[in-house]
1. Return yes when GLU2 is exposed (fewer than 15 other Cβ atoms within 10 Å of the Cβ), modelled with pLDDT of 70 or more and on the phi < 0 side of the Ramachandran plot and no when it is not.
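The values are calculated or read from the model by the stated rules, or taken from the named source; none is laboratory data. Bear in mind the structure is a predicted one, so any value in this text is a computation, not a measurement. FYI the Cβ positions are ideal-geometry reconstructions off the backbone, even for glycines, and counts take in every protein chain you see.
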Amino acid sequence: MEPKETFQLKGCEVIETDQPISSSLEVRKGGKVVLLLLLQSQESRAEWVKALRGSLDKEPKPAPVRTTVKKGTIRMRMKKAMAGRMAISGAGKMMAKAAVPEEVQRLINSLRVLLQTHIGEQEALEVEDNIIKLYIKCFCLEEDGQLKLEEFLAMDLPMRQAFTSISKLRDQTVSRRADTERIMEEGIAKIRDHFRETETKLTTLLTPHLKPHTISKIGVIFKHVSNPVFLRKCIVAPPPGREQDYKFLEEEIDSLCSAMDKYLSIHYYQDE
């Protein structure tokens, strides 16, 4: 199947513009606009600009031609490509992120910022990529009728309970009650129990449908987000006089709690 149109980036320039919307960008060649992109946000535009400018000096290549017929519907093949191989490239990651609802994007971004203080930027980015890939694969499975929404809702419940416990623990430790240490230990234990239940249900649900390599990403994600050291240092407010012992980022944890509250305000029903 031949592509309808291709754009060679070599010799082009990528220009940020505020027309027709404030987060637009143009790809020009010889002073002529050959491609206009309207992005959802300034952050999304910056990522697209970085990915496109990084390809300007590469030699042109012919567009790939699909000559074989694979099993499954065309729609399902496209979705699998988006969820897998495409997400490896910079531009592919932008497209994958754009497919994720805003409230989920905010949650993932806030989590990544906190995680990188604990495990480093590269591993935090890997966790973010794994979450996005799994989210899109789940969407594809539901869209294709292989899984039903109510099956995902069973996994969604303990995850919401974990988010609620995180917000509660953050508020309780900030207030510094006399029994803060006990509250902290009990709170972290609850959060880990909820995340462990979420991981078990999600793994059980997806194992019949995804490859072992993909399933292993679930364990990697929850290994980091439910790590008691991470929860203690990044979620729990440090006691007075011990701030230097903690990687507590007040604005970042506030952002995470705000994103979790936004997610908790969204309710999914079988007919949505």
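1. Here the answer is no, as GLU2 does not meet what is asked.
Per-residue answers, yes or no, for (1) surrounded by 17 or more Cβ atoms within 10 Å (Cβ to Cβ); (2) at pLDDT 85 or above:
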site: LYS168; (1), (2): no, no
site: ARG192; (1), (2): yes, yes
site: PRO208; (1), (2): no, yes
site: LYS223; (1), (2): no, yes
site: SER226; (1), (2): yes, yes
